[in-house]
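Scroll down for the structure; my scribbles are underneath it.
The values are calculated or read from the model by the stated rules, or taken from the named source; none is laboratory data. Note that the structure is predicted; figures quoted are calculated from it, not measured. Cβ atoms come from the backbone with ideal geometry, glycine included; neighbour counts cover every protein chain shown.
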């Protein structure tokens with residue numbers, strides 16, 4: 001009887017861990033950021049979005065030949081709630097002289 005109970009408990013624990021891991025992996029948010037001023041660095045963008053929650057990564061898209069910023073990029077937030085807060089707070093607001101365009105990134109098709 002104790003062995004069965006322990007196995008059932010272990011099974012539930014493993015299932016909970018898998019569910020928690022799945023929720024963690026799927027709870028992040030990838031955000032498109034447009035109209036980024038040319039001189040802004042990824043570190044500055046990370047600092048801006050970091051005010052709203054944990055930032056997993058920042059990537060400003062650059063021209064392959066010149067290395068110059070194309071004026072847009074992506075920020076991955078660790079939590080969707082933080083991503084939504086950043087979108088609401090930053091979309092249309094001035095950052096270094098330009099009004100940012102901020103919204104949830106769409107999957108490539």
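Computed values, structure above
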{"quantity": "Test: residue in the stretch 48-56 that is on the phi < 0 side of the Ramachandran plot, under 11 Å from the mean Cα position of the chain (by Cα), at pLDDT 90 or above and part of a helix (DSSP H, G or I)", "calculated": "yes"}
{"quantity": "Search result, residues across the stretch 84-109 that are under 12 Å from residue 33 (Cα atoms) and in a helix (DSSP H, G or I)", "calculated": "86, 87, 90"}
{"quantity": "Qualifying residues in the stretch 36-83 (those that are out of contact with any strand residue (DSSP E or B) (no Cβ under 9 Å at 6 or more places or on another chain) and within 18 Å of residue 104 (Cα to Cα)) - the one surrounded by the fewest Cβ atoms within 10 Å (Cβ to Cβ)", "calculated": "51"}
